[in-house]
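A.B. asks: I am attaching a structure below and will ask some questions about it afterwards.
The values are calculated or read from the model by the stated rules, or taken from the named source; none is laboratory data. What you are looking at is a predicted structure, and each value in this text was computed from that prediction instead of being measured. FYI the Cβ positions are ideal-geometry reconstructions off the backbone, even for glycines, and counts take in every protein chain you see. Heads up: the accessible areas ignore ligands, DNA and RNA and are worked out on the full protein's heavy atoms, side chains in. Shrake-Rupley method; radii C 1.70, N 1.55, O 1.52, S 1.80 Å.
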Amino acid sequence: MKHLLSLIISVVICLLSVAESAAQTRSVQERISAINARVKGRVEGYRSQMERRYHQVIGQPWRHAEGESPVQNPLDKPLPPADYDPARDEVEGQVMMNSSVLQNDGGRVEVADDEKIVREDKDGLNDRIIVIPCNGYEVSLRVPAVAMPHLNGTSEKDISTVWEQMYAVPFDNLFHDLAKIREALKMGDWSFVRTVEAVSEVICTSSADAVLFQAYVLNDFGFMMCLARSADGMIYKMLSTDMDVIGYPLYHIDGHDYYLFADSSIKDIHFVNLSLSGERPMRMAMNPDEKFYPEYAAAKTYASDRYPEVVVSVRPDESRMAYYESYPLYFSGGDVLTSFYHHAVQPMSESVCSSVYPVLRRAIEGKSEVDAVNILLNFVQTAFRYGYDDVVWGKERYFYADEIWGYEFSDCEDRSMLLSRLVKDLLGLEVALVYWPGHLSCAVRFNTAVAGAAFLADGKTYVSCDPTFIGAGVGAVMPDVKGKDAVLIKL
């Protein structure tokens with residue numbers, strides 16, 4: 001009986017402990033719920049306060065600004081290619097060329113992780129499904145089924161009124177879906193901006209409404225931006241960037257640079273600055289891990305003139321090509337020549353590498369460094385057709401290493417960036433781009449002394465390798481740039 005009584009007492013004590021623990025758990029949960037409610041209330045209160053502030057700022061008279069002319073591409077007037085003539089161009093011994101070294105402002109820019117913005121997935125909203133193209137994917141998004149607010153004009157009052165109406169539209173699930181897609185595809189900022197633009201084209205009925213919707217969404221996602229109105233009443237979004245951009249009007253506003261990614265002739269605007277609450281500039285650096293759904297085009301074949309065994313077949317990825325084609329040229333540190341650097345450090349995709357590198361590795365296997373580079377050099381010189389960008393594209397345009405395989409024509413900077421990538425990846429040698437006004441070439445740092453034209457950079461010797469000097473080997477320099485000062489851009 002005594003043992004039974006002890007057991008009963010133990011059970012009672014245990015049950016009391018469980019009850020007490022459950023009560024404590026409920027108490028903790030209640031406290032957490034109370035804290036969450038207070039935090040949510042503060043967030044909602046802060047959001048309501050910011051909504052009123054944005055509405056008020058947009059409704060005030062917009063300020064006037066004169067934009068600067070777009071920064072020009074440093075290769076707007078390219079030199080023509082040349083054919084190598086041994087009698088004229090042979091160089092004996094090593095000849096040091098006049099050159100300086102580009103003072104890059106910290107090397108490659110790494111893409112920072114996106115802020116983890118919590119977007120609630122809400123049930124019971126009156127949504128409809130739209131499908132938009134995104135990095136080659138067909139992406140489904142939930143958008144409000146209600147009619148979108150519509151601008152009756154582009155005055156401050158008109159825009160302020162519609163901006164306020166946006167607050168009543170249940171965008172919760174759209175914002176949730178956009179954040180999920182951004183995370184899943186590892187989108188850089190430029191891709192995300194283009195995705196928001198694609199949404200606006202589906203759900204908005206006018207270009208002005210689309211711009212205002214884009215500004216509303218990007219502002220909510222923390223982009224530093226302005227709304228602008230041109231003299232003819234058109235409205236635009238302007239984005240602040242963490243690097244400088246080529247080819248678009250630039251505005252200095254409140255200590256930051258903003259670009260109007262539209263008609264480059266627009267200079268005279270009125271604007272309102274929407275950077276009121278800790279927003280950040282758009283990051284211009286590409287994310288090399290961004291995902292694409294491949295849409296392979298028909299295979300293209302490329303062959304070397306001098307080395308007939310070097311023949312590669314490549315199926316360009318059109319999804320990736322479209323991404324590259326839309327991407328603005330950017331540079332850092334105030335030096336437009338760094339745009340070559342930022343292009344050249346972008347790696348080739350795995351699909352291109354798997355087609356090209358096995359063939360090139362077999363061709364250079366067992367060769368000396370100079371012989372191997374000569375094989376790669378002749379391949380780049382002769383496998384591609386030369387074409388001027390202003391004729392083909394209507395403007396100067398650099399190719400990323402992936403792009404050259406997808407188009408019929410290429411020029412000096414496209415070939416130089418490709419050659420630098422091949423030499424680095426296949427031989428592990430240090431390389432530099434060589435810039436002369438109107439021309440871009442390449443130079444390689446060999447582990448032994450090599451005859452020919454050379455450049456000195458930080459105590460290291462780089463030997464000329466020009467993929468636009470057709471038929472020339474390691475050490476040759478095109479006649480049109482001999483004796484001119486060059487700038488080395490180390491990669």
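A.B. asks: Of all the residues that make up the range 464-475, how many are more than 30 Å from the chain's Cα centre (by Cα) and part of a loop (DSSP other than H, G, I, E, B)?
C.D. replies: Within the range 464-475, residues that are more than 30 Å from the chain's Cα centre (by Cα) and part of a loop (DSSP other than H, G, I, E, B) number 5.
A.B. asks: What are the residue pairs meeting all of these: first residue in the range 222-250, first residue free of Cβ contacts under 8 Å to residues at least 40 places away in the same chain, second residue part of a loop (DSSP other than H, G, I, E, B), Cβ atoms under 7 Å, and 6 or more apart or on different chains?
C.D. replies: 230/266; 236/260; 236/262; 238/260
A.B. asks: Here are some conditions: (1) open to solvent by 20 Å² or more (accessible area, probe 1.4 Å); (2) over 23 Å from residue 82 (Cα atoms). Residue 343 meets all but one. Which one does it not meet?
C.D. replies: Result: residue 343 fails condition (1) only.
A.B. asks: For the range 170-190, give me the residue count where each residue is over 16 Å from residue 127 (Cα atoms) and surrounded by fewer than 21 Cβ atoms within 10 Å (Cβ to Cβ).
C.D. replies: 7
A.B. asks: I want to confirm something. Restricting to the range 236-287 and keeping residues that are over 18 Å from the mean Cα position of the chain (by Cα) and polar (S, T, N, Q), which single residue is surrounded by the fewest Cβ atoms within 10 Å (Cβ to Cβ)?
C.D. replies: 265
A.B. asks: Does the range 347-364 contain any residue that is open to solvent by 30 Å² or more (accessible area, probe 1.4 Å), among the hydrophobic types (A, V, I, L, M, F, W, C) and out of contact with any Pro (no Cβ under 7 Å at 6 or more places or on another chain)?
C.D. replies: no
A.B. asks: What are the residue pairs meeting all of these: first residue in the range 254-270, first residue more than 11 Å from residue 228 (Cα to Cα), second residue of a type in the set (Phe, Trp, Tyr) and buried (at least 18 other Cβ atoms within 10 Å of the Cβ), Cβ atoms under 8 Å, and 6 or more apart or on different chains?
C.D. replies: From residues that are more than 11 Å from residue 228 (Cα to Cα), the pairs are 257/251; 261/248; 262/236; 262/248; 264/248.
A.B. asks: Here's a follow-up. Could you check the range 418-457 and list, in sequence order, the residues that are free of Cβ contacts under 8 Å to residues at least 40 places away in the same chain and among the hydrophobic types (A, V, I, L, M, F, W, C)?
C.D. replies: 442
Residues are listed down the side, and each one gets a yes or a no for (1) closer than 19 Å to residue 340 by Cβ; (2) at pLDDT 95 or above; (3) open to solvent by 10 Å² or more (accessible area, probe 1.4 Å); (4) assigned to a loop (DSSP other than H, G, I, E, B):
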{"residue": "434", "(1), (2), (3), (4)": "yes, yes, no, no"}
{"residue": "444", "(1), (2), (3), (4)": "yes, yes, no, no"}
{"residue": "449", "(1), (2), (3), (4)": "no, no, yes, yes"}
{"residue": "455", "(1), (2), (3), (4)": "yes, no, no, no"}
{"residue": "462", "(1), (2), (3), (4)": "yes, yes, no, no"}
{"residue": "477", "(1), (2), (3), (4)": "yes, no, no, yes"}
{"residue": "484", "(1), (2), (3), (4)": "yes, no, yes, yes"}
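A.B. asks: When you scan the range 331-361, how many residues do you find that are in contact (Cβ under 8 Å) with a residue 60 or more places away in the chain, touching a helix residue (DSSP H, G or I) at 6+ places or on another chain (Cβ under 7 Å), within 18 Å of residue 287 (Cβ to Cβ) and part of a helix (DSSP H, G or I)?
C.D. replies: Number satisfying all stated conditions: 2.
A.B. asks: I would also like to ask the following. Between residues in the range 60-78 that are more than 28 Å from residue 397 (Cβ to Cβ) and residues that are assigned to a loop (DSSP other than H, G, I, E, B) and among the hydroxyl-bearing types (Ser, Thr, Tyr), which pairs lie under 9 Å by C-beta distance while being six or more apart or on different chains?
C.D. replies: Between residues of the range 60-78 that are more than 28 Å from residue 397 (Cβ to Cβ) and residues that are assigned to a loop (DSSP other than H, G, I, E, B) and among the hydroxyl-bearing types (Ser, Thr, Tyr), there is no close pair.
A.B. asks: Residue 160 passes all but one of (1) in contact with a strand residue (DSSP E or B) (Cβ under 7 Å, 6 or more places away or on another chain); (2) open to solvent by less than 20 Å² (accessible area, probe 1.4 Å); (3) farther than 18 Å from residue 127 by Cα; which number fails?
C.D. replies: Among (1) in contact with a strand residue (DSSP E or B) (Cβ under 7 Å, 6 or more places away or on another chain); (2) open to solvent by less than 20 Å² (accessible area, probe 1.4 Å); (3) farther than 18 Å from residue 127 by Cα, residue 160 violates only (1).
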